[in-house]
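Worksheet: the structure to be examined is printed underneath.
The values are calculated or read from the model by the stated rules, or taken from the named source; none is laboratory data. Quantities reported herein were computed from a predicted structural model and do not represent experimental measurements. Using ideal geometry, Cβ is built from the backbone for each residue, glycine included, and neighbour counts are taken over all protein chains shown.
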Amino acid sequence: MAKRKRGFWDKRRKCDRVIFRKFPEGDVIALFPSQSEGPGLINSYQHTGQHGAASQQLIKALRPAKPFEYESLLQELRAIGYKPCMFYGRGVIPKTKK
């Protein structure tokens with residue numbers, strides 16, 4: 001079995017790796033650990049502010065978001081062209097509603 005290269009786009013599954021975390025104030029953030037934005041920074045997405053650089057430390061500092069907490073953000077990511085397939089932490093991949 002060939003070893004897969006790590007990158008923001010999983011060519012075999014044609015999807016984006018994403019981690020959903022929740023701030024104590026209640027906002028949910030999508031973090032893309034394989035999309036570097038510079039030393040110690042990764043790409044992120046939120047309802048407010050949309051795309052931006054975020055510290056990798058947020059992955060450990062914030063608690064994992066539950067599926068019902070990140071559902072609307074996941075739908076927004078899919079609507080703008082992301083294909084999230086791998087979630088780290090709590091939760092499983094929710095099926096797309098038809």
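If the condition is being at pLDDT 85 or above and within 19 Å of residue 79 (Cβ to Cβ), then segment 48-64 contributes 51, 52. Only one of the numbered conditions (1) surrounded by 12 or more Cβ atoms within 10 Å (Cβ to Cβ); (2) modelled with pLDDT under 90; (3) of a type outside the set (Ser, Thr, Tyr); (4) within 13 Å of the chain's Cα centre (by Cα) is not met by residue 75, and that is (2). In the condition set (1) in a loop (DSSP other than H, G, I, E, B); (2) surrounded by 14 or more Cβ atoms within 10 Å (Cβ to Cβ), residue 25 is compliant with all but (2). Of all residues in segment 78-98, those that are part of a loop (DSSP other than H, G, I, E, B) and modelled with pLDDT under 80 total 11.
Can you name the residue in segment 61-72 that is of a type outside the set (Ser, Thr, Tyr) and in contact with a strand residue (DSSP E or B) (Cβ under 7 Å, 6 or more places away or on another chain) and is also surrounded by the fewest Cβ atoms within 10 Å (Cβ to Cβ) among such residues? If we take residues in segment 61-72 being of a type outside the set (Ser, Thr, Tyr) and in contact with a strand residue (DSSP E or B) (Cβ under 7 Å, 6 or more places away or on another chain), then 63 is surrounded by the fewest Cβ atoms within 10 Å (Cβ to Cβ). The number of residues in segment 28-60 that are assigned to a helix (DSSP H, G or I) and either touching a residue at least 40 places away in the same chain (Cβ under 8 Å) or surrounded by 14 or more Cβ atoms within 10 Å (Cβ to Cβ) (or both) comes to 2.
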